[in-house]
Structure formats: structure tokens, C-alpha cells
Amino acid sequence: MLTRKKRDEQEETDVADSVLYEIEDGLATLTINRPEAMNALDTATKVALRDAAADAAENPAVRAVLLTGAGDRAFCVGQDLREHVHNLEAAKRTGEGALSTVREHYNPLVTSLATMRKPVVAAVNGVAAGAGAALAWACDFRILAAHGGFNTSFAGVALTADSGASWTLPRLVGHAKATELLMFPQTVKAEEALALGLTNRVVPGAELADTARAFARGLADGPTVAFGAIKSSLAYGASHSLVETLAKEDELQTLAGASADHGIAVQAFLAKEAPNFTGR
């Protein structure tokens, strides 16, 4: 269970020492806090991150999410392999599967990031590998430090893609390039990542935190209902026919058109003023 401490207009949520979760003025920040392990995901961290993302998705106080890692070496290098070795040994003794973490942790976490009806920004502060890269790709936007990069890494340890990489990666770079990156793991450095579409922006490492926060802050101040409808529309249109997608657009436009923010935007336009969105 998540517990919050109210501090003025900021909420700090205690989930685990390895995940920091705070909410301030509609912006939720989730920080993977294991810099000494390059923000690798052990079980406690996966549980905390999964639960924090689920809370952010459902919390009406949250209008946008910023996901990042602590330190400047790594955003997240994926599964903690030291713990994974112990899990493999335990699985041999019990006869149970060692990779239930995909079902229990990664799948619900990625689902929250990709489907929540509010925008999610990844501030990639270093290398993102394996499940760590997939978590960034599940976000709506990625801002990458110039010294950072992406590496699928799965095949390097004789595993297949998980954490949604087989769904997100082809949509970002195309089927052929996704196949290459998954079967021949290699670090895609910042400028190539930008050219391929793996990231939206590349900024100097020293500027990443401020740039990503300002970017996410702008989204948190925006028309949340419309942003959520845009996410839903894009996801639906990617796997449905034109006729079906047109019907979905009609449904979602009706939803957005009934929002308080649409009325605010129209009145602001007529008054030649900047709208002050409420998120409703």
C-alpha cells in the first residue's frame, strides 16, 4: 500500500528506498534510485515502481508523469542479474519458472505507462538497457542525455524481448530495424537514437533534469482529457481499420468536447487569452 505525506502543494509517497515518488502541482516524478547498481531492477524496486506507476495512472491529482533514474550513469540497465542468478537456482530446486517477474512486474508496469490517460515523459539520464530501455519506449516522450543511449541486451543473455519491447520498438524504428536491434544488441548512442526515432530530444547531460522537468511541467499544465484521448486514439489506430478508427475518433472527440478544458480553451481563444487548463 502506498502512503503519502502532504507537504504544502507537494505529496511525497513512500514506496521503497529504491524508488522515489513525489507529486507536485499535478506532476508525478518517479525516480529509480539505485545509482550504485546502475538502477538495475531487483524485486523490491520492480514492486515499488509497478505500484507507483499504477497509483500515478489512477490518481486524479496527477496530470503528467516524469520517469527517470538517479545519478548520471544509467537510466536503468534492466533486470538485476545478480538477483536473477539466485532466482534461477531457486527455480531449479522448486521446479517453478524463474521469469514470472515478466507477468508479475514488467507487464503491469508497462501497461500503466503506456495506457494511462495522461502523458508520460522519460528523462533518460544515461544508458537504458534491456527492460530499462523498454520502460523508456513505453513512455510517450523520451528526452535523452547526450552521453546516454539504448541497448536491447536481451539476446546477449539468451533471452527474448519483454517489457513491451516487441510492441514499442517496431513502432518507433520499423520492423526490420527492430529485428536487428533485438538480435544484435548494441548500444545506440544519442545522435543515432535521435535519427532512428528512439528519442524525441537529445540535450547535454547537465541540462537534462531541468529540460525534462520543464517539458513534463508543460504537459501537466495542459488539457489532460485531450492528451489522454490522443494516446488512446493513436494506440487504437495502430491496430484497427480506417473505418473503425474514425468511429473511435468520434467517440474520443465527444469525450474531449465535453471536458471543462475544451470550454476554457474556446473562451480563451475568443478572448484572445492563453487558456488556464484544469485537467478536467
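Numerical summary
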{"item": "Test: residue in the stretch 164-173 that is touching a Ser or Thr at 6+ places or on another chain (Cβ under 8 Å) and over 23 Å from residue 108 (Cβ atoms)", "result": "no"}
{"item": "Residue match in the stretch 27-46 (condition: farther than 21 Å from residue 220 by Cβ, surrounded by fewer than 23 Cβ atoms within 10 Å (Cβ to Cβ), at pLDDT below 95 and of a type in the set (S, T, N, Q))", "result": "yes"}
{"item": "Any hit, the stretch 236-259, residues being buried (at least 16 other Cβ atoms within 10 Å of the Cβ), out of contact with any helix residue (DSSP H, G or I) (no Cβ under 7 Å at 6 or more places or on another chain) and either free of Cβ contacts under 8 Å to residues at least 40 places away in the same chain or outside the structural domain of residue 156 (by TED's automatic domain parsing) (or both)", "result": "no"}
{"item": "Hey, residue 210 modelled with pLDDT of 95 or more, under 25 Å from the mean Cα position of the chain (by Cα) and surrounded by 12 or more Cβ atoms within 10 Å (Cβ to Cβ) or not", "result": "no"}
{"item": "Hey, residue 203 in contact with a strand residue (DSSP E or B) (Cβ under 6 Å, 6 or more places away or on another chain), at pLDDT 95 or above and over 22 Å from residue 81 (Cβ atoms) or not", "result": "no"}
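The values are calculated or read from the model by the stated rules, or taken from the named source; none is laboratory data. All of these numbers come straight from a predicted model, not from anything done at the bench. Cβ atoms come from the backbone with ideal geometry, glycine included; neighbour counts cover every protein chain shown.
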